[in-house]
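Structure, as structure tokens:
The values are calculated or read from the model by the stated rules, or taken from the named source; none is laboratory data. All values reported here derive from a predicted model rather than from experimental measurement. Glycine gets a Cβ as well: all are built from the backbone with ideal geometry, and neighbour counts include every protein chain shown. Side chains included, ligands, DNA and RNA excluded: accessible areas come from the protein's heavy atoms. Shrake-Rupley method; radii C 1.70, N 1.55, O 1.52, S 1.80 Å.
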Amino acid sequence: MIGLTILTNNGRVFVEPKLNRRRALFVLDKVDEILSWERHAEQEKDTRFVELGRYLCEVRAGQYWRLESLGSFDDFLTKRFPESRRKAYYLMAIHEQLPRRIHHDLQQVGWAKAAELAKVARRDGERFDCATWLHKAIELPKEGFKREVEKHLTGQETEAWEIIYFKLYKSQLPVIERALETAALMLGASKSRGYCLEMICADFLAGAHLEGGNSDSLLFALGRLYSLLPDPQKMEFVQQMGKVQ
């Protein structure tokens, strides 16, 4: 059987680009130069990322990775970014999605914020308010700007978050896991373990201040417990409180 299927892009047949060896060598050298500079000059990491993203896009478009006898662009990224290829794709998105006129100004915000800007630009398209979002990126701290972007993309307000580490002995794990699983059953599968832990702590505070304790702490704990309940249980709780009155 002879395969007659061909790969096309918008009606055009994919054709392997002619390799410009001289230009390919220049671009590959520039990529290596910037990556080497980053390793030795920490300050430059957030000033040359736009240039690096531009060269990476050219390597992909011109298939310059063939000069190194590599099988694909992914192989090229794996070689240049052994820890994670994700950053490389972020840098390319910055170059492709954000207007050229602000590329120089992106040095003021750093690549992490620029990657968030690219998400907004990709979603908004021609409606992307470049000046307003660039101003927000410059003025807001990184986490604050990330929340602003998340709110814009999802329409939902997001809370600030923090990762907390605990050292636990293996003998402690069974009771902790069982408590988290029990809380998850009450809250529903959609709630993360952070909410489960909060429910356990709120329940403890409520019990500790139930009799002769701090009424403010009791009220706070009960309020947090109520906010964590699924909607049907919230309605049931309100009905029960009505009967108590």
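Using a 1.4 angstrom probe with every protein chain in place, what is the largest-first accessible-area order of 64, 89?
From most exposed to least exposed: 89, 64.
Would you work out which of 108, 183, 72 lies farthest towards the positive end of the dipole of the stretch 60-210? Charges go on Cβ: Lys and Arg +1, Asp and Glu -1.
So the residue furthest toward the plus end is 72.
Heavy atoms only, 1.4 Å probe, whole protein assembly: order 204, 49, 128 by accessible area, highest first.
The ranking, largest first, comes out as 204, 128, 49.
Quick one: accessible surface of residue 78, probe radius 1.4 Å, all protein chains present, in square angstrom to the nearest 10.
70 Å²
Could you order 152, 104 so the one with the most accessible surface comes first? Probe is 1.4 Å.
Result of the area sort, largest leading: 104, 152.
At what distance in nm do the modelled label points of residue 132 and residue 35 sit from each other, each positioned 7 Å from its Cα along Cα→Cβ?
The modelled label-to-label distance comes out at 3.9 nm.
Taking 7 Å along the Cα-to-C-beta vector as the label spot, tell me the residue 153-residue 234 distance in nanometres, rounded to one decimal.
Rounded to a tenth, the inter-label distance reads 2.6 nm.
Set the Förster radius R0 to 41 Å, insert the Cβ-Cβ distance between residue 204 and residue 74 as r into 1/(1 + (r/R0)^6), and round the FRET efficiency to 0.05.
0.25
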